[in-house]
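Below you'll find the structure, written out as structure tokens, and then a few comments.
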């Protein structure tokens, strides 16, 4: 069987090259996170100390899954991935099918996957100051219950035909048809204004909630290294998420074929990716690596303040 390696004209855009490279890097980071999670789970079977650190493995696993799916979903936004340039591996898509994929991308990205991993981050931070760590299934219920309203509203506004007719076309436009200089037609994805407004409302409430949760955690933390990590995560979320919402709002000022739009779109992508990478690094890989480095040494007699500090570190 012969495979024809496609030529590289589909990588003509520097933004597409950057996005593809960063998605691949994020997926590798997610794979590394999964290896850490399951390795810790395996080692915790013979160590009481590691069992404490492993108590939130379900939540960490959910975080990595959300981030991985978000990364794969971002591939739908890249034109070359939908045009059939990788026809050796993917079926050729009609223009209508490409347009539907743009809608699916907008709904999943802004309505489910990114809110999903952001809420999971919030849950991991929130339980850090609780002495009794909730069960993993409660985290799953909490995350899905929080994301469901935003997700359903995104579906309603983008896929309900009667509702679309009541609003201006630009408010729910998720794609445009673009003709290249060679006469070829392709579909370019956009971020619908309605999706931006819904995600902006979610992001505003989330930013405040995340700040309050991190403030409460920092007030309880006695470990300097852990405090620095919480500060770093807080700074990342409080800068990247508002920047993403701002750029989503600015994106309606340009058409997707314009360079200004491509730049704004790249900032939107980088902002979300930064939050995802910081979450995996600070709340998954680093605490698991620290727990494994501790070698399973566990002290049964500790003061209440030290115990609280360890509980926070274990659940963070």
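The requirement of being modelled with pLDDT of 90 or more, over 24 Å from residue 160 (Cβ atoms), surrounded by fewer than 22 Cβ atoms within 10 Å (Cβ to Cβ) and within 16 Å of the chain's Cα centre (by Cα) is satisfied by residue 61. Whenever a residue of segment 211-239 is under 20 Å from residue 274 (Cα atoms), its partners that are outside any helix (DSSP H, G or I), lying with C-beta atoms within less than 8 angstrom and at least six residues away or across chains, give the pairs 226/316; 227/221; 229/316; 230/221; 230/316. When segment 245-262 is filtered for residues that are surrounded by 13 or more Cβ atoms within 10 Å (Cβ to Cβ) and assigned to a helix (DSSP H, G or I), the ones remaining, listed by number, are 245, 246, 247, 248, 249, 250, 251, 252, 261, 262. The listed residues are 192, 242, and the only one of them that is modelled with pLDDT of 90 or more, surrounded by 19 or more Cβ atoms within 10 Å (Cβ to Cβ) and within 23 Å of residue 110 (Cα to Cα) turns out to be 192.
Residue 144 satisfies every condition listed in (1) under 30 Å from residue 231 (Cβ atoms); (2) assigned to a helix (DSSP H, G or I); (3) modelled with pLDDT under 80 except (3).
The values are calculated or read from the model by the stated rules, or taken from the named source; none is laboratory data. This structure is a prediction, so every number in the text was calculated from the model and none was measured. Backbone-built Cβ (ideal geometry, glycine too); neighbour counts: all protein chains shown.
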